[in-house]
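The values are calculated or read from the model by the stated rules, or taken from the named source; none is laboratory data. Note that this is a predicted model, so its numbers are computed, not measured. Using ideal geometry, Cβ is built from the backbone for each residue, glycine included, and neighbour counts are taken over all protein chains shown.
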Amino acid sequence: MTAAPFFEASGLCKSFFGVQVLHGMGFTLRPGQVLGLVGENGSGKSTTMNILGGVLPMDAGRMTLDGADYHPRGPREAEARGIAFIHQELNLFRNLSVAENLFITGFPKRIKGLPFIDRGRVAARTQELLKAVDLDIAPNTPVSRLSQGERQLVEIAKALGANARIMIFDEPTTSLTTRETDRLFDIIGRLQRQGIAIIYISHILGDVMRLCDDIVVLRDGHKVGQAARADMTIEKMITLMVGRTIDQMFPPREPPVTLGAPVLEVRGLNQRGMVKDIGFTLRAGEVLGISGLMGAGRSELARILFGMDPHESGDIRIGGTQVRELSPAACMDHGMAFLTEDRRAEGLMMEASIADNIALASLPKFGRSWAGFIERTRLGDEVQRISGAVRINARDIQRTLVKNLSGGNQQKAVIGKWLLHEPRVFILDEPTRGIDVGAKYEVYKIINQLAADGAGVLFISSEIEELTGMCDRIMVMAQGEIRAEFPRAGFDREAILRAAMWHGMKETA
């Protein structure tokens, strides 16, 4: 007989800055059930789980736990009610021991009311919890010495110590080896038999089919499908995840009939644990997309190409010239620009003006003499021209600080900074992340103009619709390798997603 649900959510809605991102989400959980939650990036998975875990309040809807209303006012309250959220980025203090991490929210005392920790009870309880997850380490082991898989088991032990009844796993296998993944799945099976409900979020659909009893599919903040595993297939999940049209979302672009000469050539690029045998050619006037799941190695490749991270072997040529000593300065000198995925931390000086940010990468071009004096009038005119070209919405670019701009205008400032430098290769890593639809359209128009002006654009994005709407060609990465390539005439969102997830489908083949 199937157990009755002990948790129910219905009609969950959430908006950010007037944009609704979750539309009437609902699901139920039974003791010992493993519920798979799948969807593309931005589909609403994290928002839903953050509401359940007390990180975000809901705007509308209802949740019940054991028949009573459940409205956590924060993560601590959710934890007290038996909800454990095991994030992809594990919430452990690496400088503390395993035991200290397990009891960080409250150590047992020797004498009630006095601040003396009962270390014997701490050690004994830690050993008991570690045994429950098959982790044979000493309680005083620093977390920094553990592998990623071992740290994840510590997180599970921590949840068991808090008497968790629902455990949420968010992309838990991204950084795990095959052996660590199998070990994790064994533990999840054990938790299930103990009556703990599991919510399993993953892009690896083979793992979802292997583990889950029921599967919920999200798209654009809507629940678009739910079925028992027996009634679901990987093909059906992919179709549900990507099933919307992209008409009118992207500005029209006529790709050139004949592309220009190679502007970036990469051969045999390797860096252990990051990328493996990467090779491709980017030509003038081409927008080349890179698709892949989180952890596929896309950003790592971009950072290596711009000289920010090292590589063990490989040949990189910019404009036909081999760059032997790769560094950001050398790449800039050869005509490369890199727009990072974290514009606030790596792309902008947040306390500086728009004008200063745009000028930053090109100051040497405006040096008047050997002494390095800047031609301020010429620089100011060019900065103003660039600001207008990318349509930054600000009255005074000399006085307006970048931190006061919207996300879209901040991204335009980063692009403007590189436009002033006049590169021939643009590497764009998630260029539209965190900006609204209108700003996205403006960024797309800028990308089209870059290609029309003869630059080569390497366009990294987690959104398949964005890549198919903008690119001439798409490469798909998985586990640090290029797994497939699609010409524009052969774009197929399902095939692209299947190529990105193929490494996770072995169990169902």
Whether any residue in the stretch 171-185 is more than 24 Å from the chain's Cα centre (by Cα) and either at positive phi or surrounded by 16 or more Cβ atoms within 10 Å (Cβ to Cβ) (or both) is what I want to check.
yes
Flag for Leu458 being closer than 22 Å to Pro328 by Cβ, at pLDDT 90 or above, within 20 Å of the chain's Cα centre (by Cα) and surrounded by 24 or more Cβ atoms within 10 Å (Cβ to Cβ):
yes
Among Gln271, Gln192, which is the only one that is touching an Asp or Glu at 6+ places or on another chain (Cβ under 7 Å) and at pLDDT 90 or above?
Gln271
If you scan the stretch 79-94, which residues turn out to be modelled with pLDDT of 85 or more and loosely packed, with under 15 Cβ neighbours inside 10 Å?
Ala80
Does the stretch 286-299 include one or more residues that are surrounded by 21 or more Cβ atoms within 10 Å (Cβ to Cβ), over 23 Å from the mean Cα position of the chain (by Cα) and outside any loop (DSSP other than H, G, I, E, B)?
no
Answer from Arg395, Arg378, Arg385 - the residue that is assigned to a helix (DSSP H, G or I), basic (Lys, Arg) and within 24 Å of Lys445 (Cα to Cα)
Arg385
Filter pass, Leu348 being closer than 16 Å to Phe426 by Cα, touching a residue at least 60 places away in the same chain (Cβ under 8 Å) and crowded, with 20+ Cβ neighbours inside 10 Å
no
If we scan the stretch 308-326, do we find a residue that is under 15 Å from Glu265 (Cα atoms), out of contact with any Leu (no Cβ under 9 Å at 6 or more places or on another chain), at pLDDT 85 or above and surrounded by 15 or more Cβ atoms within 10 Å (Cβ to Cβ)?
yes
Looking at the stretch 408-425, can you tell me whether even one residue there is farther than 17 Å from Glu346 by Cα and of a type in the set (D, E, K, R)?
yes
Are any residues in the stretch 300-355 of a type in the set (Ser, Thr, Tyr) and in the same structural domain as Val266 (by TED's automatic domain parsing), and if so, which ones?
Ser313, Thr321, Ser327
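Among residues belonging to the stretch 401-419 that are surrounded by 18 or more Cβ atoms within 10 Å (Cβ to Cβ) and not aliphatic (A, V, I, L, M), point out the one that is modelled with the lowest pLDDT. Walk me through how you get there before you give the answer.
Quick first cut of the stretch 401-419, residues surrounded by 18 or more Cβ atoms within 10 Å (Cβ to Cβ) only: 402, 405, 408-419.
Checking which are not aliphatic (A, V, I, L, M) leaves us with 408-412, 416-418.
On the way: Gly408: 74, Asn409: 81, Gln410: 84, Gln411: 81, Lys412: 85, Gly416: 83, Lys417: 85, Trp418: 81.
Among residues in the stretch 401-419 that are surrounded by 18 or more Cβ atoms within 10 Å (Cβ to Cβ) and not aliphatic (A, V, I, L, M), the one modelled with the lowest pLDDT is Gly408.
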